[in-house]
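K.L.:
Next up is a structure, given as structure tokens.
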Ligand code: SF4
């Protein structure tokens, strides 16, 4: 629980000396509680009080970084239970488990597929994040397979083995890539804790339930292992969602440091649809990492798109630069289509214009990221706004005609817009899907 | 040391809506379907009761569908050309809890069937198909105001769910639904305040809140899904905190949204995944009825809800 002003007051010198610029220690304590002033403003605060207050200021869910190169990613550091309260910050890392019992060629083939799982959607690159190698055969095979990973993928790596000695050898082999180790449990706590510390590696902590995990993180923390990721094992979906929710609540609502870490969820379903549904459930419900096996592009795209949706900042819908975009080999007689600067609107129109193969201009109006109808209702996509955009974007200097295509949904502004802009308004289709046919008939 | 769990207790609950009436209740359905009744947030089984699992309604048209993706046409085969056969396949083979009958053929651009013809169609449909029924208009407000009252009357006593009422067009439908003993779908444009306002307007006409199902207007995966997702979470939080005007179950028209998008059209399996994940994600934020199109996607969602509700 966050410290109240009164709790903080008890830690201050209570001399009311005014050095901090406030009349009393209590007043200063209130400012600290609001995080409006730094503790350094009071020169007389004890070291012990400072420690308590600094610990208090740490994020409730520890940020952990996986990987070392341009593919490294942060997880944790979340602050809310529901995305509408602010936003979800660090998109769930999506990773793939590869068994070392596969042949070298099979492993390489899989890695090549994984490396290619990248998609561009509404102006963002959607990519997978992690490759986890799982030991099924003997230790020597695990090390061979680890060497293949090292060579054939640049993604962050994870090592899954029940044998601490083998895990250690593999960790040394991959140490420059800072692999995530899986996993510390009651039996191997000491050796894995030491290994993680020695090589400064992040470590997964496994237990069957929240209590066990919490106990283990406290012990590891006491030994100085700080970068932890929690795992409560494979269990039925409803139980897993309960664990994930409870851990998030413990961290945020009770500031329970022993559970204030990102959580890993392993999906164990052979059917790709079932695997995707479960992965999606964990992405929506707080998982920091989701591990799957399926490599089909359609499965990955649907999971990554869900992640993109859930992790979009609700206060800041994805936007693009409001300006005039030339699509294809345009000339001064190419048609001009107007839409909003909401990414989804723009990219949907763009996709259809491209597939129509008719060169055209798209004028993106600054609607602060609102979609066509929302922006129209908010008067950000009306005759005034579009007229202004026509001027500012230089349409008049770029094209040699005065025709403008507007979305079918805002047909009602045609008259006003024609009067104000001096352009001849052509009402386009309601759905972007109608654009190819529409554009072809325009000529 | 044992962790002290953070448990949430809510004063409010979601109302229970029953769809369908058996013979003893004045209808002719083989079964009834109940939705709602939750006393905790979605899937938080340890914090309250979830007496009814989310239900799947198969979307059927009163005419052969015009612009369905090939993937959908193939999934149903020839059955899709006849609404009665199409619906029967959904019931017999795909275990439909409900059928959502869309009166598309009454739309001025899709055949412009008269209200009388629509009423006759509904009567025949009720005779042949015995699961509880959802009836929706073609989306043409003026025409729906003529068609839906006729359908409502033809289905009198069958306790259907009929929609949709919207903020500036609800009175005609509410009056019919009230007179014929049905429940209503209240549609709001991804806006929690309008949802609330519309529910109040409807209940002010005498149709109780317990006979309203909210359509929050959803977007497909990748196309605004997150807006509806959050609106539904917010509405549930408000309802469980005691706001009765938002304590209605949700209906989500998943199939029509999912199959419109580029990604679904690009590849059959991707389309199925698209419809599937749109549905399961909305279940996590509180969906009670999922109106779906592809039988494989429906089968996936059934697997998902069976797993979640097993042992509850
Ligand atoms: S400087 Fe420190 S001791 Fe002095 S009034 Fe401020 S808080 Fe109190």
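Condition check ((1) within 14 Å of chain B (Cβ to nearest Cβ); (2) touching a helix residue (DSSP H, G or I) at 6+ places or on another chain (Cβ under 7 Å); (3) touching a residue at least 60 places away in the same chain (Cβ under 8 Å)) across all residues:
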residue: A:117; (1), (2), (3): yes, yes, yes
residue: A:122; (1), (2), (3): yes, yes, yes
residue: A:132; (1), (2), (3): no, no, yes
residue: A:139; (1), (2), (3): no, yes, no
residue: A:144; (1), (2), (3): no, no, no
residue: A:163; (1), (2), (3): no, yes, no
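K.L.:
Output the qualifying pairs, or none if there are none: Cβ atoms under 6 angstrom, residues six or more apart or on different chains, first residue in the range A:33-60 and in contact (Cβ under 8 Å) with a residue 40 or more places away in the chain, second residue in a helix (DSSP H, G or I) and away from the ligand (no atom under 15 Å from the Cβ).
P.N.:
Matching pairs, first to second residue: A:60/A:251; A:60/A:252.
K.L.:
Separate question: Could you identify the single residue in A:71, A:96 that is in a loop (DSSP other than H, G, I, E, B) and either within 16 Å of the ligand (Cβ to nearest atom) or in the same structural domain as residue A:136 (by TED's automatic domain parsing) (or both)?
P.N.:
A:71
K.L.:
Answer yes or no as to whether residue A:8 is more than 14 Å from chain B (Cβ to nearest Cβ), within 16 Å of the ligand (Cβ to nearest atom), closer than 30 Å to residue A:204 by Cα and assigned to a helix (DSSP H, G or I).
P.N.:
Considered against the rule, which asks whether it is more than 14 Å from chain B (Cβ to nearest Cβ), within 16 Å of the ligand (Cβ to nearest atom), closer than 30 Å to residue A:204 by Cα and assigned to a helix (DSSP H, G or I), residue A:8 comes out as no.
K.L.:
Moving to a separate point now. For the structure I just gave you, tell me whether residue A:60 is more than 7 Å from the ligand (Cβ to nearest atom) and within 14 Å of another protein chain (Cβ to nearest Cβ).
P.N.:
Yes.
K.L.:
Then there is this: Within the range A:226-242, is there a residue that is at pLDDT 95 or above and over 28 Å from the mean Cα position of the chain (by Cα)?
P.N.:
no
K.L.:
Look at the range A:312-334 and say how many of its residues are more than 14 Å from residue A:400 (Cα to Cα) and touching a strand residue (DSSP E or B) at 6+ places or on another chain (Cβ under 8 Å).
P.N.:
12
K.L.:
Looking only at the range A:36-50, count every residue that is assigned to a loop (DSSP other than H, G, I, E, B), more than 10 Å from the ligand (Cβ to nearest atom) and either within 36 Å of the chain's Cα centre (by Cα) or closer than 12 Å to residue A:17 by Cβ (or both) and tell me the total.
P.N.:
Residues that pass the stated criteria total 2.
K.L.:
Does residue A:90 meet the test of being in the same structural domain as residue A:263 (by TED's automatic domain parsing), away from the ligand (no atom under 14 Å from the Cβ), at pLDDT below 95 and under 30 Å from residue A:308 (Cβ atoms)?
P.N.:
When the stated conditions are applied, residue A:90 does not pass them.
K.L.:
Ok, one more. Does residue A:282 qualify as being in contact with a strand residue (DSSP E or B) (Cβ under 7 Å, 6 or more places away or on another chain), part of a loop (DSSP other than H, G, I, E, B), within 13 Å of chain B (Cβ to nearest Cβ) and at pLDDT 95 or above?
P.N.:
no
K.L.:
Now for a separate question. Among the numbered criteria (1) within 16 Å of the ligand (Cβ to nearest atom); (2) assigned to a helix (DSSP H, G or I); (3) surrounded by 15 or more Cβ atoms within 10 Å (Cβ to Cβ), which single criterion is violated by residue A:84?
P.N.:
(1)
K.L.:
Now for a separate question. Mind listing whichever residues of the range A:54-67 are modelled with pLDDT under 95 and either assigned to a helix (DSSP H, G or I) or surrounded by 15 or more Cβ atoms within 10 Å (Cβ to Cβ) (or both)?
P.N.:
A:54, A:55, A:56, A:57, A:60
Condition check ((1) touching a helix residue (DSSP H, G or I) at 6+ places or on another chain (Cβ under 8 Å); (2) touching a residue at least 60 places away in the same chain (Cβ under 8 Å); (3) within 14 Å of another protein chain (Cβ to nearest Cβ); (4) within 21 Å of residue B:18 (Cα to Cα)) across all residues:
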| site | (1), (2), (3), (4) |
| --- | --- |
| B:44 | yes, no, yes, no |
| B:51 | no, no, no, yes |
| B:54 | yes, yes, yes, yes |
| B:61 | yes, no, no, no |
| B:73 | yes, no, no, no |
| B:85 | yes, no, no, no |
| B:98 | no, yes, no, yes |
| B:104 | no, no, no, no |
| B:108 | yes, no, no, no |
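K.L.:
Being crowded, with 22+ Cβ neighbours inside 10 Å, more than 14 Å from chain B (Cβ to nearest Cβ) and closer than 16 Å to residue A:123 by Cβ: is that true of residue A:309 here?
P.N.:
No; evaluated as a whole, the condition is false for this residue.
K.L.:
Here's a check for you: in the range A:12-34, which residue that is buried (at least 18 other Cβ atoms within 10 Å of the Cβ) and near the ligand (Cβ under 8 Å from one of its atoms) is nearest to the other protein chains (Cβ to nearest Cβ)?
P.N.:
A:29
The values are calculated or read from the model by the stated rules, or taken from the named source; none is laboratory data. For clarity, every value in this text was computed on a predicted model and none was experimentally measured. Positions of Cβ are generated from backbone atoms using ideal geometry, with glycine treated the same way; all protein chains shown enter the neighbour counts.
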